[in-house]
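Here the structure is laid out as structure tokens; the discussion comes afterwards.
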Amino acid sequence: MIVTVHSGGLAGVDAFDVGLEVDFTRQGLPAFTMVGLAEAAVREAKERVFAALRASALRIPVGRVTVNLAPAGCKKQGTAYDLPLALGLLAAAEQVPAQCVQGWYCAAELSLNGCLRPVAGILPLAILARQCGAKGLLVAPDNAEEAAIVRDLPVFAPRTLAECVAFLTENQPLAPVPPTAMDESAEAAYPLDFAEVKGQSMGKRALEVAAAGGHNVLLMGPPGSGKTMLAQRLPTILPPLAFEEALEVTKIYSVAGLLPQGRGLLRQRPFRAPHHTVSEVALVGGGHVPHPGEVSLAHRGVLFLDELPEYHKSALEVLRQPLEDGRVTISRATQSVTYPAACMLVAAMNPCPCGYYSDPSHQCTCTSTQVARYRNRLSGPLLDRIDVHVEIPAVPFEELQDSKGTASSATLRAAVLAARHRQGQRYAGTPCRCNAELSGAQLEEHCRLDAAGHSLMQGAMSRLGLSARAYTRVLRLARTIADLAGEEQLLPEFLAEAISLRALDRERM
């Protein structure tokens, strides 16, 4: 008898339907054969399933078993096929009526004692099951909250294989998992606040502008000046995640197996800070079995690279395409997967190897050649993708002892939200979400200069030697500064402030 039980495989952050076709016959010698491009963990399911059947007091079918994982041309990996394989074996051997498993989707690893264990990628599978009109989804209890994010799909979480069989055969009722709460107005709580940062008014303003327009940032300053403190607090002033954005982020963490057990929808914007020894694969994703990298785990959030010149040059160069396109495409001989990677890059670096170049309080011990070699570790194409580069000087003692309150994250966030709202209305109906994505015709339409602004930019390009690329970035920043001020026209003072946020351009004078 042939029975098909449905589960799902992963291609990037999306799931595709996998039908486990189980053929059982008592003719011939007992044997077990699995086909359909199954990797080692999938092939080992036989031993786990047979042990789980014994522990659950279910009779192991003795006969010739052939399992086909359809479509046979797509690779299958992971342990999610344990539960559908066990149910398929029981139904094919007529120990469970075949109609009991029809229309259901299931995914769970089986322990040797028959308990259901969680697996990665349940949220994409739940979305697929709803799209396919499934009766419901059977998952491990630790995956229940994650699967219940998807509305209009009954989700059940039996604790054991025996409990699952009893539910399907209607011998034991099982309550569906309540849908995960979807309060889109809920604010994510952050333990950090910009009010804790003493001084650094220029750095705070730069991050406020960056958050308002979605711009990438480079912070340059001596050790201990507060670059990391500023970067860590950037998520506190970003707009809250919309439901669709939260769903995208949760899918990535689900596929990567990093979603905390018992958690449903992720409401906080990610903040990823990989060490400077990170490899190319860990940074952008890939590997023998493709998986998302740090740039994808920072999707809709912040990727913080501290001590930027210390990263491997090859690792930094592979960031160029994700920063430009907002996604990572990983191609292999047999497959190609795409992961979303629309994040804000915040990088920090010292001005020189010793860290005290141009610091009035410390003497720099580096030669001009060492300083040039240090900065040349960053390629021009990478720096071209960073709109804001600002100097973060050491904080004077007087400012450290100043008891006056500084701008809090709540104050800065209110201004950022107002600016993002203006951009949302301006770019409605276009792919552009924020000013950092403006290009071509949109720049000409939304960043027109009056006579005074034209004269200012002409003088700046002449005196500072700004390139055409720098010119467009100044216009984007000025557009964001105007939005923060509630103005539609790019006034000269907005252009002047935008130029001041391009420290590296001024150094090239």
Just give me the residues in segment 11-37 being open to solvent by less than 60 Å² (accessible area, probe 1.4 Å) and under 20 Å from A126 (Cα atoms), in sequence order. A11, G12, V13, A15, F16, D17, V18, G19, L20
Check whether at least one residue in segment 399-421 is under 21 Å from A478 (Cβ atoms) and without any contact (Cβ under 8 Å) to a residue 60 or more places away in the chain, and report yes or no. yes
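What are the residues in segment 448-477 that are of a type in the set (G, A, S), farther than 14 Å from A496 by Cβ and at pLDDT below 90, if any? Break it down into steps so the answer makes sense when it comes.
Applying the first criterion (of a type in the set (G, A, S)) to segment 448-477 yields 451-453, 455, 459-460, 462, 465, 467-468, 470.
Imposing the further condition that a residue be farther than 14 Å from A496 by Cβ reduces the set to 451, 462, 465, 467-468, 470.
Matches in segment 448-477: S462, G465, S467, A468, A470.
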Run down P360, P340 and say which single residue is of a type outside the set (A, V, I, L, M) and either surrounded by fewer than 19 Cβ atoms within 10 Å (Cβ to Cβ) or within 18 Å of D505 (Cβ to Cβ) (or both). P360
Residues of segment 193-231 satisfying the condition of being among the polar types (S, T, N, Q), touching a Leu at 6+ places or on another chain (Cβ under 6 Å) and assigned to a helix (DSSP H, G or I): none
What about P396, is it of a type outside the set (D, E), farther than 15 Å from L207 by Cα and more than 26 Å from the chain's Cα centre (by Cα)? yes
Checking P191 against (1) more than 29 Å from D325 (Cβ to Cβ); (2) in contact with a Cys (Cβ under 7 Å, 6 or more places away or on another chain), which test does it fail? (2)
So Y105 ticks every box in (1) part of a loop (DSSP other than H, G, I, E, B); (2) hydroxyl-bearing (S, T, Y); (3) closer than 14 Å to E21 by Cα but one. Which box is left unticked? (1)
Matching entry among G9, G19 (being in contact with a Ser or Thr (Cβ under 6 Å, 6 or more places away or on another chain), of a type in the set (G, A, S) and assigned to a strand (DSSP E or B)): G19
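Just one of A460, A482 is within 34 Å of the chain's Cα centre (by Cα) and crowded, with 18+ Cβ neighbours inside 10 Å; which is it? Spell out the reasoning first.
On the way: A460 fails: within 34 Å of the chain's Cα centre (by Cα).
None of the others qualify; the one that does is A482.
Taking the options G28, G73, name whichever one is assigned to a loop (DSSP other than H, G, I, E, B), in contact with a strand residue (DSSP E or B) (Cβ under 6 Å, 6 or more places away or on another chain) and more than 25 Å from T160 (Cα to Cα).
Details: G73 fails: in contact with a strand residue (DSSP E or B) (Cβ under 6 Å, 6 or more places away or on another chain).
So the residue among G28, G73 that is assigned to a loop (DSSP other than H, G, I, E, B), in contact with a strand residue (DSSP E or B) (Cβ under 6 Å, 6 or more places away or on another chain) and more than 25 Å from T160 (Cα to Cα) is G28.
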Check off (1) surrounded by 16 or more Cβ atoms within 10 Å (Cβ to Cβ); (2) modelled with pLDDT of 95 or more; (3) more than 34 Å from the chain's Cα centre (by Cα) for P124 and give me the number that stays unchecked. (3)
Which residue, of R476, R463, R433, is assigned to a helix (DSSP H, G or I), of a type in the set (K, R), under 24 Å from A419 (Cα atoms) and out of contact with any strand residue (DSSP E or B) (no Cβ under 9 Å at 6 or more places or on another chain)? R476
Segment 294-382: helices (runs of 4 or more DSSP H) wholly inside it with 1 or more residues that are among the small types (G, A, S) and farther than 20 Å from G221 by Cα are 294-297, 313-317
Would you call V390 outside any loop (DSSP other than H, G, I, E, B), touching a Phe, Trp or Tyr at 6+ places or on another chain (Cβ under 6 Å), open to solvent by less than 70 Å² (accessible area, probe 1.4 Å) and closer than 27 Å to Q200 by Cα? no
Among (1) surrounded by fewer than 22 Cβ atoms within 10 Å (Cβ to Cβ); (2) in contact (Cβ under 8 Å) with a residue 12 or more places away in the chain; (3) in a loop (DSSP other than H, G, I, E, B), which single condition is P173 missing? (2)
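Let's see how each residue does on (1) in contact (Cβ under 8 Å) with a residue 24 or more places away in the chain; (2) in contact with a strand residue (DSSP E or B) (Cβ under 8 Å, 6 or more places away or on another chain); (3) under 29 Å from I237 (Cα atoms):
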residue	(1), (2), (3)
E294	no, yes, yes
D306	yes, yes, yes
H312	yes, no, no
L319	yes, yes, yes
L323	yes, yes, yes
R327	no, yes, yes
R332	yes, no, no
P340	yes, yes, yes
M344	yes, yes, yes
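Looking only at segment 436-447, count how many residues are exposed (fewer than 13 other Cβ atoms within 10 Å of the Cβ) and not in a helix (DSSP H, G or I). Give the steps one after another, and end with the answer.
So in segment 436-447, the residues exposed (fewer than 13 other Cβ atoms within 10 Å of the Cβ) come out as 439-441, 444-445.
Next cut, not in a helix (DSSP H, G or I) only: 439-440.
Total meeting the criteria: 2.
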Restricted to segment 264-293, and to residues that are closer than 25 Å to M229 by Cα and charged (D, E, K, R), which residue is surrounded by the most Cβ atoms within 10 Å (Cβ to Cβ)? R269
Please determine, by comparing only the residues of segment 422-434 that are of a type in the set (A, V, I, L, M, F, W, C) and free of Cβ contacts under 8 Å to residues at least 60 places away in the same chain, which one is nearest to Q232 (Cα to Cα). C432
Given Q95, Q99, which one is free of Cβ contacts under 8 Å to residues at least 40 places away in the same chain, part of a helix (DSSP H, G or I), within 22 Å of P158 (Cβ to Cβ) and more than 31 Å from the chain's Cα centre (by Cα)? Q99
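I need the full set of residues from segment 153-165 which are touching a strand residue (DSSP E or B) at 6+ places or on another chain (Cβ under 9 Å) and not β-branched (V, I, T), in order please. Let's see the steps before the verdict.
Taking segment 153-165 first, the residues touching a strand residue (DSSP E or B) at 6+ places or on another chain (Cβ under 9 Å) are 153-161, 163-164.
Scanning segment 153-165 gives L153, P154, F156, A157, P158, R159, L161, E163, C164.
Taking segment 242-258 as the search range and keeping residues that are assigned to a loop (DSSP other than H, G, I, E, B) and out of contact with any Asp or Glu (no Cβ under 9 Å at 6 or more places or on another chain), which one is most open to solvent (accessible area, probe 1.4 Å)?
Initial filter on segment 242-258 (assigned to a loop (DSSP other than H, G, I, E, B)): 242, 257-258.
The next check asks that each one be out of contact with any Asp or Glu (no Cβ under 9 Å at 6 or more places or on another chain); those that pass are 257-258.
Details: G257: 50, L258: 83 Å².
The qualifying residue most open to solvent (accessible area, probe 1.4 Å) is L258.
The values are calculated or read from the model by the stated rules, or taken from the named source; none is laboratory data. The shown structure was predicted, so the numbers you read here are calculated from the model rather than taken from an experiment. Positions of Cβ are generated from backbone atoms using ideal geometry, with glycine treated the same way; all protein chains shown enter the neighbour counts. What goes into the accessible areas is simple: the full protein's heavy atoms, side chains included, and nothing from ligands, DNA or RNA. Shrake-Rupley method; radii C 1.70, N 1.55, O 1.52, S 1.80 Å.
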